[in-house]
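J.: The following block contains the structure, expressed as structure tokens.
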Amino acid sequence: MGVSKVTDRFQVTILKDVREKLGLRPGDEVTVEIGAEGRIVMKRFARLGDPMKVLVGKKPYHRHVPIEELEENLETG
């Protein structure tokens, strides 16, 4: 581990060996928190491989549902 300086705009460079070890890429989001004994704790959010699989699921629905059937189910509750 090395040392990074805080710039006059309060930016800190994450050292190359840390970026590579964590697999950080430009655009990744992190949280910054105050830890015990005045430590700065930075955590990376987990990356989603395919957001649609997270939202919809990994397995496709076993049958096609026509829009009319969906609308009917909404009306009848």
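J.: Averaging sequence separations of C-alpha pairs under 8 Å and six or more residues apart, then dividing by the length of the chain, give the relative contact order as a whole percent.
T.: Computed over the chain, the figure is 14 percent.
J.: Kindly express, to the nearest 10 degrees and within the range 0 to 90, the angle between helix 67-76's C-alpha long axis and the longest C-alpha principal axis of the chain.
T.: Helix 67-76 sits roughly 90 degrees off the main axis of the chain.
J.: Around residue 13, under 10 Å between beta carbons, what's the net of Lys plus Arg minus Asp minus Glu among the other residues? Kindly include the intermediate steps, with their values, before the conclusion.
T.: Details: positive: 5, 16, 19; negative: none.
Net of charged neighbours comes to +3.
J.: Please report, to one decimal in angstroms, the Kirkwood hydrodynamic radius of the chain built from all distinct Cα-Cα pairs.
T.: Final number for the Kirkwood radius of the chain is 17.4 Å.
J.: While we're here: Quick check for you: which residues of the range 24-48 have the amide N under 19 Å from the point 7 Å beyond the Cα of residue 13 toward its beta carbon?
T.: Residues passing the 19 Å test: 24-28.
Values in this text are rule-based calculations from the coordinates and carry no lab data. The structure presented is a predicted model; accordingly, all values stated were derived computationally and were not measured. Here the Cβ is made from the backbone with ideal geometry for all residues, glycine too, and neighbour counts use every protein chain on show.
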